[in-house]
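Visitor: Here's a structure for you.
The values are calculated or read from the model by the stated rules, or taken from the named source; none is laboratory data. Quantities reported herein were computed from a predicted structural model and do not represent experimental measurements. Positions of Cβ are backbone-derived with ideal geometry, glycine not excepted, and every protein chain shown enters the neighbour counts.
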Amino acid sequence: MKQSLPPLNWLRAFESAARHLNFTHAAEELSLTQAAVSQQVKGLEVKLGAVLFKRLPRGLELSEAGQAYLPAVHEAIERLAAATDEIFGQGHRKVLTVRVNLVFFIHWLARRLPEFRKQHPEINLHITSNIWVGDTDVEADLEIRHGQGKWAGLKADRLTWDSLVPVCSPSLATESKPLNTPEDLARHELLHVLGYEEGWGYWLKKAGADRVDSSQGLQFDTLISALRMAELGQGVALARSSLVEHMLTQGALIAPFEQRFTTQEAFYLVYSPLATANPQALAFITWLVSQAQAAHLEN
């Protein structure tokens, strides 16, 4: 059977006294009396059945047992102090867990995060990702979701105001397969994303392209895959404007048609009404909403 651990205050008294080789200095460090430190060290020695210090007229000296025991005790106390400080310490680095829709993270949030880190170096972000709501068991302080903005018992701050825009590689359109009007989509692969209420069928109906078969093409569970296939010239994806503006600007994708239709769905920052009591969560909420509003005004 393993020997039970000695009380932590005994270990702290031993570790401090061993570093200083002086009970008085250890007492000052621990805000105790010299007698209390001496008593705690004595209790530890009795518990372990070993002498840890040689008590000499000129002061203390570690015994062989004390020399062997000190490194392990010192490391354990340092690790416990560091973990306590990181998780519970006031005014120190905190961990804020944010669960993010993966396509939003890759195509919108990732390039903006360095600005948050610059403004709030004291906050450590733990980013977890999902594709759809509810597909992960990880607890999060905040979450970025795609939907209509209504989730029971939760607050939702809108982050995007999107238009549905078909996008493709600049090299996709040819003389034999042009992309001049929505009807030309009949000769190209449509790249679908499962789960969106407003997909190709919705867009083609709004565009009046009734002769295009909205069911043909490839289906994916995330817009990430559809955009990548479009970038590779494998078809036309139906993108959310906020997620592809940078790709259109860089020329990685083009929007061949003028028709853009406003979406009813959007990305939202979702959280419990109690979350704002957490100063780290409040800082992230304030920053992200301001970033979203600025991006909306730019476009």
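Visitor: Can you name every residue in region 99-134 that is touching a helix residue (DSSP H, G or I) at 6+ places or on another chain (Cβ under 7 Å) and among the polar types (S, T, N, Q)?
Guide: Q119, S129, N130
Visitor: What residue, among those in region 260-274 that are crowded, with 18+ Cβ neighbours inside 10 Å and of a type in the set (A, V, I, L, M), is farthest from V165 (Cα to Cα)?
Guide: V270
Visitor: Continuing with this model, one more query. Only one of (1) at pLDDT 95 or above; (2) closer than 27 Å to R228 by Cβ; (3) not polar (S, T, N, Q) is not met by K118, so which one is it?
Guide: (2)
Visitor: Something else: Being exposed (fewer than 14 other Cβ atoms within 10 Å of the Cβ), assigned by TED's automatic domain parsing to the domain that holds V51 and either at pLDDT 95 or above or under 18 Å from H74 (Cα atoms) (or both) narrows it down to one of R12, R19, so name that one.
Guide: Answer to the selection: R19.
Visitor: Additional query: Which of the residues spanning region 249-283 are hydrophobic (A, V, I, L, M, F, W, C) and in contact with a strand residue (DSSP E or B) (Cβ under 7 Å, 6 or more places away or on another chain)? If you could, list the steps in order and put the result at the bottom.
Guide: As a first pass, look at region 249-283 and keep what is hydrophobic (A, V, I, L, M, F, W, C): 252-255, 257, 261, 266-267, 269-270, 274-275, 277, 281-283.
Residues satisfying the conditions are L253, I254, A255, F257, F261, A266, F267, L269, V270, A275, A281, A283.
Visitor: Among all residue pairs at least 6 apart or on different chains, which show Cβ distances below 7 Å where the first residue, located in region 176-200, is of a type in the set (V, I, T) and the second is surrounded by 16 or more Cβ atoms within 10 Å (Cβ to Cβ)?
Guide: From residues that are of a type in the set (V, I, T), the pairs are V193/G199; V193/F220; V193/T222; V193/L223; V193/A226.
Visitor: Every residue in region 220-233 that is surrounded by fewer than 20 Cβ atoms within 10 Å (Cβ to Cβ), under 25 Å from E183 (Cβ atoms) and in contact with a helix residue (DSSP H, G or I) (Cβ under 9 Å, 6 or more places away or on another chain), please.
Guide: Hits for region 220-233 are F220, E231.
Each row is one residue, and each column tells you yes or no for (1) touching a strand residue (DSSP E or B) at 6+ places or on another chain (Cβ under 6 Å); (2) closer than 24 Å to L159 by Cα; (3) not aliphatic (A, V, I, L, M).
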| site | (1), (2), (3) |
| --- | --- |
| L179 | no, no, no |
| H188 | yes, no, yes |
| K206 | yes, no, yes |
| V212 | no, no, no |
| G217 | yes, no, yes |
| R228 | no, yes, yes |
| G233 | no, no, yes |
| S242 | no, yes, yes |
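Visitor: How many of the residues in region 24-76 are of a type in the set (A, V, I, L, M, F, W, C), surrounded by fewer than 15 Cβ atoms within 10 Å (Cβ to Cβ) and under 17 Å from L8 (Cα atoms)?
Guide: The total comes to 3.
Visitor: Look through region 255-299, keep the residues that are closer than 21 Å to P121 by Cα and of a type in the set (S, T, Y), and return whichever of them is modelled with the lowest pLDDT.
Guide: T276
Visitor: Quick one: which of F284, F257 is of a type in the set (A, V, I, L, M, F, W, C), surrounded by 18 or more Cβ atoms within 10 Å (Cβ to Cβ) and within 30 Å of N180 (Cβ to Cβ)?
Guide: F257
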